[in-house]
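Participant: Below is one structure. I have some questions about it.
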Amino acid sequence: MRRWLPASLIAGALVFSVAVYSRLPDEMPLHWGLSGTPDRFGSRLEGAFLMPLVMVALFVVMQWYPSRDPRAPNIAKFRGAYDSVVTATIAMLALVHVAVLGVALGWRIDMTTVGLAGLGVLLVLIGNLLPLARSNFILGIRTPWTLSSEQVWTRSHRVGGYSTVVAGVLTIVCAFIGGSVGPSIALASLVVAALVPVVYSYLLWNRERHGPMND
């Protein structure tokens, strides 16, 4: 059932698009800059259906790929966590989609707040699930060093889980900081959260070459 929850979210997004389509303006904002000001506009057809199509494509790829991964048995070991990440990602995209259409309909929505808060919650969830991931080629910290050593993979994902949760919490806080300061801090925290496990995986791998590691 969990694997098909994303499909229900996608169906809901499509139904919402169809329901409000006639009330959408011919041209509507589709992207917002760090300052929270719209910096790209598009047609209502694009606004109503591009994101649901992206969601469909992502869902199909994420359902199809595990059986094609060279380390498919490893994905089976954490399939519940994998499906939770897929569902949470689709939910995040659905939230953004509804918010974008809501702005076009005249709802009083701060897209920066919605986007950063949603992203922060997603990061906290992913950070908690990341240590459950086993070596594979689609989900996780896939560096040459983690993919070459099970021990490096495991320990790097433990650290990556912590850094991702911290970045998620900071991103949620930044959602309520006005101007471009909040998004800038959130972006910086994401970069640091991504770099920490990558650098750590290299250091572990380099250390492993010179002798066994202890947990």
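Participant: Identify, please: which residue in the range 28-87 is within 24 Å of Thr171 (Cα to Cα) and polar (S, T, N, Q) and is, among those, modelled with the lowest pLDDT?
Facilitator: Here the answer is Ser35.
Participant: Between a residue in the range 178-202 that is assigned to a loop (DSSP other than H, G, I, E, B) and any residue that is not β-branched (Val, Ile, Thr), which pairs come within a Cβ distance under 6 Å, given they are 6 or more apart or on different chains?
Facilitator: Ser180/Leu34; Ser180/Ser35
Participant: Starting from the range 143-157, keep only residues that are in contact (Cβ under 8 Å) with a residue 24 or more places away in the chain and farther than 15 Å from Asn74 by Cα, then list their pairs with residues that are acidic (Asp, Glu) and surrounded by fewer than 15 Cβ atoms within 10 Å (Cβ to Cβ) whose Cβ atoms are within a distance under 7 Å, requiring at least 6 positions of separation or different chains.
Facilitator: Here the result reads none, with nothing in the range 143-157 linked to a residue that is acidic (Asp, Glu) and surrounded by fewer than 15 Cβ atoms within 10 Å (Cβ to Cβ).
Participant: Are any of the residues in the range 10-27 in a strand (DSSP E or B) and either farther than 24 Å from Ala186 by Cα or free of Cβ contacts under 8 Å to residues at least 12 places away in the same chain (or both)?
Facilitator: Yes - at least one qualifying residue is present in the range 10-27.
Participant: Continuing with this model, one more query. Test Met62 against the stated conditions and say whether it is of a type in the set (A, V, I, L, M) and in contact with a His (Cβ under 9 Å, 6 or more places away or on another chain).
Facilitator: No: the conditions fail for Met62.
Participant: Among the residues of the range 95-111, is there at least one that is assigned to a helix (DSSP H, G or I), farther than 19 Å from Ala194 by Cβ and not aliphatic (A, V, I, L, M)?
Facilitator: Yes, the conditions are met somewhere in the range 95-111.
The values are calculated or read from the model by the stated rules, or taken from the named source; none is laboratory data. Keep in mind the model is a prediction, meaning the values are calculated, not measured. We place every Cβ from the backbone using ideal geometry, glycine too, and count neighbours over all the protein chains shown.
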